[in-house]
Amino acid sequence: MTTLAETLCAEHGLNFARGFSQQFHCAKQGSHAPIAGFAPHPFGDWLIQTGGTLPVASFTTATATGDLGIVFLGMGVDADGGYVDDARLAWRLGRARTIEDLTAYVAGCGGRYCAFVRHGSDARFLLDPSGSMGAVANAATRTVAATLYLAIDRPVVPSDYPMGVEGRRYAFGYTADRDVISLRPNHYLDLNTFEQTRHWPLETDSFEVTSLRVLDEGIDQMIERHCQIMRALAGTIGPSILPLSGGEDSRLLLAMSHAGNIRFDHYFTHITTDISRGDARIGAQMAETLGLPFSVYDLIGQEPPPLPQPETIRRLQETALASGNVAYRREYYAPRRRPRAYQQKARILHATLSLPPGGFVMRGQITDLSKAVLWRPAGMKEFAEKKGGLIGAGTGVRLMMVDSDVAEADPWFLSRYEAWQQTLPAGCHGCEIDFMGLELFRSYSWGNTFYSFVNDFYISPGCDRQIIQHLAAAPPLMRYEFHYNDRILERAAPELLKFRYTRPDDNRMRKRRPVFLETLDRYGLSA
């Protein structure tokens, strides 16, 4: 059998090995043909195949009850701060005896990754805590793969996702194909039954902070874990790259790396819109303050463009296929028919290609829980009305942004959202919007999109369960009003507090919000 990804790339004259270079495919031994340009990794009864630039680490040991094995894909840093490679797995898992030991080890890792673990005939597949390295499963063919077109060997057969809302964003495990599901973060897939089981959060985990002392202790631990992850990553593949802008998230990563005396190889800003010119100015000011080198890549009006138009269109088709997008045909990117869409997509593509290749680019997704990014006014309003009670399914569906004006009142969506809510431990009530973002939203967005950025490996240092627990435990209103972000900056790099933000709303919020230490009770905190 040949994957649909290979078939479509051949039909459209695209470079499959390049477009899918950071992806993987897993099927039963002997059930699937070798994939061109992919490396084979036998795994018990399974064969895992990986693209040419996807980092892979593995370890196998014999026990009295069967072989114990792990194949770790992507970039991860374990709970003790070690970068996950072959040697680290051998050292940390040499005494592992059960599949639960392996599951716990993987769950303790931060970064962008997924992992296969097995003990004897038992085998599981796990994602990072936000599915930033997304995955799909095809139960009909017993296949696990990075994205849709690697999971099928035939044309797409439409799923029964409600008509009228099909398009850019699916939800609740659905994909464009009837047999392929999107796997949910914080659940493991049993490779024998193809059923998913939640493994985190635990029933004993707490996501509530009620005192300033505990809040600040959590901030310090969250900063240290960020530093632990960034420090471990900085000593690995290729150049380490940190974008700087006038936004909230890159400033936090810069501040925390500064607190940990961590230097990266490359600091930069891309200019792809007029707004991002402000990002470049603020990024340059922050870099100068901390004595860091800084580069600006201006993609507006660049002559000649980095790639000629025909090659740009082919590369855009590759990125669409690599992310599982149904809009991959050449005409979708025709400059004459869709000039604005082509221009912006071309700039983003050229921006990713302008960076030093073969390294990793750090992003602020997940760290952005620090500003309650997905709560928006609707979520904050209901949270205040219910005094921290469970957010209703209608509001939750609205905040999922599924490209439908009627979804928040549609029983199909509401029933599935409520069913998902019921899987969360009681300790998560009060921050379920954060978990909606982790489990229902991001794996459909960045979980797919990151696969298309093949010049470098994109990773969020904040994608870590220790970090998430601290961020989600902070009072949502405090986060929403940026007090939490500013408290991080005060403790990590106070010299960065003086710079404005690109978004006017961020600056206005800081002017109109109450003084934090004078209104702790507003956030449910005691002194």
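Any read-out appearing in this document is the output of simple, stated calculations on the displayed coordinates, not a laboratory observation. This structure is a prediction, so every number in the text was calculated from the model and none was measured. Using ideal geometry, Cβ is built from the backbone for each residue, glycine included, and neighbour counts are taken over all protein chains shown.
How do 246-252, 309-315 rank on mean C-beta neighbours within 10 Å, highest first?
Values: 246-252: 23.0, 309-315: 16.6.
Per-residue mean Cβ counts within 10 Å order the peptides as 246-252, 309-315.
When peptides 123-129, 390-396 are sorted by average Cβ neighbour count within 10 Å, with the highest value leading, the order is 123-129, 390-396.
Net length available on complete extension from R522 to R510 is 2.7 nm, with 0.36 nm assigned per residue and the Cα-Cα distance removed.
Shape of region 4-198 from its Cα gyration tensor (a ≥ b ≥ c, root eigenvalues): rounded if a/c is under 1.5, otherwise prolate when a/b > b/c, or oblate?
Details: a/c = 1.75, a/b = 1.54, b/c = 1.13.
In terms of gyration-tensor shape, prolate.
Farthest toward the positive end of the dipole of region 114-227, out of T210, C227, L150, is the Cα of L150, where the dipole comes from beta carbon charges about the Cα centre. The number of Lys pairs in the chain with C-alpha atoms less than 20 Å apart, excluding pairs fewer than 8 positions apart on the same chain, is 5.
Placing unit charges on the Cβ atoms only, positive for Lys and Arg and negative for Asp and Glu, gives region 34-142 a dipole magnitude near 80 debye about its Cα centre. A crude spin-label estimate for the pair Q344 and A33, with each label 7 Å from Cα along the Cβ direction, gives 3.9 nm. A P(r) calculated from all alpha carbon pairs of region 100-150, with 5 Å bins opening at zero, reads 5, 18, 27, 23, 18, 8, 1 percent. Counting only DSSP H runs of at least 4 residues, each contributing -39500 (n - 2.57), and dividing by the residue count of the chain, the helix-based mean residue ellipticity at 222 nm comes to -10000 deg cm²/dmol. Dipole size of region 4-198 about its Cα centre, with +1 on Lys/Arg Cβ and -1 on Asp/Glu Cβ: approximately 180 debye, rounded to the nearest 20.
Determine the sum of side-chain charges near G173: Lys and Arg each +1, Asp and Glu each -1, restricted to other residues whose C-beta is under 11 angstrom from that of G173. Charge balance in the 11 Å sphere: +1.
Legend: Rg and Dmax of region 374-444, from Cα coordinates, 11.2, 31 Å.
The shape of region 105-237 can be summarised by an equivalent ellipsoid whose semi-axes, obtained from the alpha carbon gyration tensor, come to 33, 19, 16 Å from longest to shortest. Calculated FRET efficiency, R277 to T65, Cβ-Cβ distance, R0 = 45 Å: about 0.15 to the nearest 0.05. With mean projected area of the Cα convex hull in nm² defined as stated, name the option among (i) 38.1; (ii) 23.6; (iii) 32.5 computed from the structure displayed. Answer by label: (ii).
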